[in-house]
Amino acid sequence: MLLRTLAHRLKTALQSPTEANPLDDAFTERERAQVTLDSIGDAVVSTDFRGQIVYLNKAAERLTGYDEISAKTRPIAEVFRLVDANSGATAKNPTADSIIDDQKRFAPDNCVLVRRDGTKVPVEVSSTPIHDRNGGVTGAVLVARDITEARELSEKLSRMALYDHLTGLPNRALFADRLDSAISRATRSGNAFSLFYIDLDRFKTINDTFGHAAGDRLLQTAAERLQQCIRQSDTVSRCGGDEFVALLLDCAEIDAGFPCAFKIIETLSAPYDVSGRLVHLSASVGIAVFPADANGREELVRAADKAMYQAKCAGRNRFQRIHHGDATLRRLATPADRANDARQ
């Protein structure tokens, strides 16, 4: 309704001041249209039937970086240049289509406006044809809105839905999706991959001694260290509390994940600065391999969790995995164990 009213007032304002107007004097109508258009927050640009600009309101001047004098007679696609936010490819300005089709048209989603100074602004854009009193199309009105805040909020909400708020790691939902994808790919290709279940040993004492805020900072540090231990193609996720899981793709050999497990244990065992004091923790890691140890997502997670629990029972600061073909668990030496063996 607002757009229809604006289009009518723009049409009237562009008529000759001497042309009769049954509702009001032409000059008064022009002034009223000017005040109306300049008082709204959306950018409004009108064109003739060739798509050349005849008017910009104040919001359009601020948004594009063009004043009305420098923009007049320029093609709308030049002043209001749209590109895809991801690829940078030119996005179609809807003005020409709205004039040709005599219909309201919209710019593609996820487009941004390239301002006169080269900066980019996320926008929502529509174009509506302007008609003369005989119903002929004489031009179009483009209306645009800066949606920077809305897009940032949307991205923030999307991230909150998929990432852990404390560590920034993928949450359970996103990790489950990636694990399902890994199972599908491995099933097709015949390759194996490893799933690690990682638990920080005696983490509760940190919260009890230093408080939950200090414990949260330690978890953030542990998450950063874990990300340094895996490849870019792999995924590490926080399950909750002090538990993490890691997905290592394309481990063609059954024991291919073992070097990474050693690295994780060594990295997480390095001292942490907690409230100005150096604190030492260790980690227990359980490993399950697809498809040798389990062939479904839930079964694989349970196998890795069980292996991690057995690693804790065996003395912590180590990793274990289920043997292929039997239900027993084997203990694998940590770097500290190997150093002790060398001294004996």
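Tally time: how many residues in segment 103-114 are under 24 Å from the mean Cα position of the chain (by Cα) and crowded, with 17+ Cβ neighbours inside 10 Å?
Residues that pass the stated criteria total 5.
So which residues in segment 270-281 are among the hydroxyl-bearing types (S, T, Y) and surrounded by 17 or more Cβ atoms within 10 Å (Cβ to Cβ), if there are any at all?
Residue satisfying the conditions is Y272 alone.
Residue by residue, here is whether (1) among the hydroxyl-bearing types (S, T, Y); (2) outside the structural domain of N295 (by TED's automatic domain parsing); (3) within 18 Å of C251 (Cα to Cα); (4) touching a residue at least 12 places away in the same chain (Cβ under 8 Å) holds:
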residue	(1), (2), (3), (4)
S158	yes, yes, no, no
G168	no, no, no, yes
N171	no, no, no, yes
A186	no, no, yes, yes
S189	yes, no, yes, no
F193	no, no, yes, yes
F196	no, no, yes, yes
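From the list T90, T95, T128, T138, exactly one residue is surrounded by fewer than 15 Cβ atoms within 10 Å (Cβ to Cβ), of a type outside the set (D, E, K, R) and touching a strand residue (DSSP E or B) at 6+ places or on another chain (Cβ under 9 Å). Which is it?
T90
When the residues of segment 134-158 are filtered to those that are more than 26 Å from K58 (Cβ to Cβ) and of a type in the set (S, T, Y), which remaining residue is farthest from the chain's Cα centre (by Cα)?
S154
Name the residue that is modelled with the lowest pLDDT, counting only residues in segment 25-41 that are within 37 Å of the chain's Cα centre (by Cα) and surrounded by fewer than 19 Cβ atoms within 10 Å (Cβ to Cβ).
Within segment 25-41, the match that is modelled with the lowest pLDDT is S39.
So in segment 234-287, with the set limited to residues that are closer than 24 Å to A214 by Cα and among the charged types (D, E, K, R), which one is nearest to the chain's Cα centre (by Cα)?
Here the residue is R238.
So which residues in segment 213-241 are polar (S, T, N, Q) and in contact with a strand residue (DSSP E or B) (Cβ under 8 Å, 6 or more places away or on another chain)?
Correct list: T221, Q227, T235, S237.
Among all residue pairs at least 6 apart or on different chains, which show Cβ distances below 9 Å where the first residue, located in segment 39-63, is on the phi > 0 side of the Ramachandran plot and the second is in a loop (DSSP other than H, G, I, E, B) and of a type outside the set (A, V, I, L, M, F, W, C)?
G51/N93
For segment 81-166, which fully contained strands (runs of 3 or more DSSP E) count at least 2 residues that are β-branched (V, I, T)?
111-114, 120-131, 137-146
Counting residues that are in contact with a helix residue (DSSP H, G or I) (Cβ under 9 Å, 6 or more places away or on another chain) and at pLDDT 90 or above, which helices (runs of 4 or more DSSP H) fully inside segment 250-344 reach at least 3?
It comes to 258-269, 297-313.
For L248, only one of the following conditions fails: (1) in contact (Cβ under 8 Å) with a residue 60 or more places away in the chain; (2) buried (at least 17 other Cβ atoms within 10 Å of the Cβ). What is its number?
The one condition L248 does not meet is (1).
Can you go through A182, A222, A176 and tell me which one is surrounded by 14 or more Cβ atoms within 10 Å (Cβ to Cβ) and touching a Phe, Trp or Tyr at 6+ places or on another chain (Cβ under 6 Å)?
Result: A182 is the single residue among A182, A222, A176 that is surrounded by 14 or more Cβ atoms within 10 Å (Cβ to Cβ) and touching a Phe, Trp or Tyr at 6+ places or on another chain (Cβ under 6 Å).
The values are calculated or read from the model by the stated rules, or taken from the named source; none is laboratory data. Computed from a predicted structure; not experimentally measured. Positions of Cβ are backbone-derived with ideal geometry, glycine not excepted, and every protein chain shown enters the neighbour counts.
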